[in-house]
1. Quick test of your reading of the structure: A303 fulfils all but one of (1) part of a helix (DSSP H, G or I); (2) more than 16 Å from the ligand (Cβ to nearest atom); (3) closer than 26 Å to R125 by Cβ. Name the failing condition by number.
2. Checking D35 against (1) closer than 18 Å to A254 by Cα; (2) touching a residue at least 60 places away in the same chain (Cβ under 8 Å), which single condition isn't satisfied?
3. Could you list, in sequence order, the residues of the range 312-329 that are away from the ligand (no atom under 12 Å from the Cβ), at pLDDT below 95 and buried (at least 18 other Cβ atoms within 10 Å of the Cβ)?
4. Quick one: in the range 22-80, of everything that is in a strand (DSSP E or B) and within 14 Å of the ligand (Cβ to nearest atom), which residue is nearest to V99 (Cα to Cα)?
5. Can you tell me which residue within the range 187-240, out of those that are outside any helix (DSSP H, G or I) and under 17 Å from the mean Cα position of the chain (by Cα), is farthest from C255 (Cα to Cα)?
Amino acid sequence: MANSYSICVVPGDGIGSEVTGCARRMLDSLATMPDGPSFSFNEQPAGYGAWIEFGTSIPQPTVDAAKAADAVMLGACDVARIPAGAGEPLGTLRKELVVNASVRPARSVPGISKGTQSIDCLVVREVTEGLYSGIEYDAGPDAACAVRLITRGASTRAAKVAFEQARMRRKRVTAVHKIGALKLTDGLFLECVRAVGADYPDVELETANVDACAMHMVQHPEQFDVILATNVFGDILSDLAIGLAAGLGLAPSACVGDRWGYFEPVHGTAPDIAGKGIANPCATILSAAMMLRHLGETKAADAVEAAVLQVLKDGKVRTGDIGGAATSAQMTDAIIAAIHAGGRGA
Ligand code: ATP
């Protein structure tokens with residue numbers, strides 16, 4: 001019998017509602033596949049718009065609905081415009097849903113990627129601490145400090161995600177650090193990574209300085225499988241990987257903990273194109289595919305990923321960011337048609 005899931009949808013700001021709307025339409029279409037899953041959606045506010053409407057960027061009912069759902073699908077939140085003291089939607093969700101690591105795959109797409117070498121890697125980024133831990137203070141009239149918090153718990157959980165992912169891929173983890181400059185914090189991070197790695201003898205572990213890693217990613221991207229990094233290093237390296245692969249419009253992500261998981265495109269609110277109906281929906285649709293995989297709907301996840309790739313390869317229906325003139329709705333229609341044509345295109 002086909003499975004049914006409840007999904008909490010947090011569209012957020014800017015193009016968030018447009019791209020999550022496209023992903024919802026794709027998910028709804030799966031119910032007509034043999035044994036295809038069906039979904040009920042509970043849409044909840046968060047972000048800058050939520051702050052304007054409710055006085056907080058992350059209302060409690062949103063957190064409650066996220067915890068009650070089988071999975072959470074996020075659009076994008078305009079965090080830059082949310083004033084101090086108005087809540088942190090992403091930080092709060094990560095804390096409440098107990099997720100420490102963001103998984104960001106980056107894979108070259110023939111006909112779209114510009115580099116000469118192909119890349120097929122996955123960046124696992126710790127997302128709750130490091131230099132983005134939010135601990136900042138004035139240190140006298142002419143100085144300010146940010147604390148780079150690294151804990152054994154969060155580093156260990158992120159490392160486990162990386163080794164688990166590597167096990168399902170090419171069995172290689174590159175742990176990124178700057179141990180020469182950050183002896184204590186990256187010392188602890190690497191200690192945790194090595195301890196976790198001891199439980200995965202089938203996965204090769206190498207370590208790399210962040211600067212050298214960035215250069216090697218540009219020169220020899222094909223060498224990388226899973227890249228594991230602390231918050232800031234992972235933020236930068238995942239964008240680098242995405243840039244080398246196929247760009248922001250095609251970059252999905254997943255934040256999965258022991259109990260909860262949320263799925264969102266890597267891109268932001270794209271205010272320059274918001275409301276025009278031209279945002280590339282692929283990053284959110286591919287995030288929904290990661291959600292399907294997380295829910296155990298492997299067949300549907302494979303079908304969605306194959307359909308997106310097929311439409312991109314066909315090249316007839318593409319949004320502006322990847323060289324076409326299609327609207328978000330037209331690209332979504334083409335992907336849905338390809339899913340139901342068994343990945344053979346519309
Ligand atoms: P934010 O402050 O929310 O991060 P931003 O505009 O600074 O917003 P992004 O939203 O990541 O950052 O966008 C960076 C650029 O990429 C923008 O020019 C935007 O239009 C483009 N872009 C991002 N996502 C998409 C998308 N899904 N489709 C097409 N273009 C996109």
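1. A303 satisfies every listed condition except (3).
2. Single failed check for D35: (1).
3. L312
4. Step by step, filter the range 22-80, then rank; the result is L74.
5. Among them, the one singled out is D225.
Each row is one residue, and each column tells you yes or no for (1) more than 27 Å from A306 (Cβ to Cβ); (2) at pLDDT below 95.
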| site | (1), (2) |
| --- | --- |
| K178 | yes, no |
| E204 | yes, no |
| L228 | yes, no |
| N231 | yes, no |
| L237 | yes, no |
| R259 | yes, yes |
| F263 | no, no |
| A279 | no, no |
| A283 | no, no |
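The values are calculated or read from the model by the stated rules, or taken from the named source; none is laboratory data. Because the structure is a prediction, the values reported are computed rather than measured. Don't worry about glycine lacking a Cβ; one is built from the backbone with ideal geometry, like all the others, and counts go over all protein chains shown.
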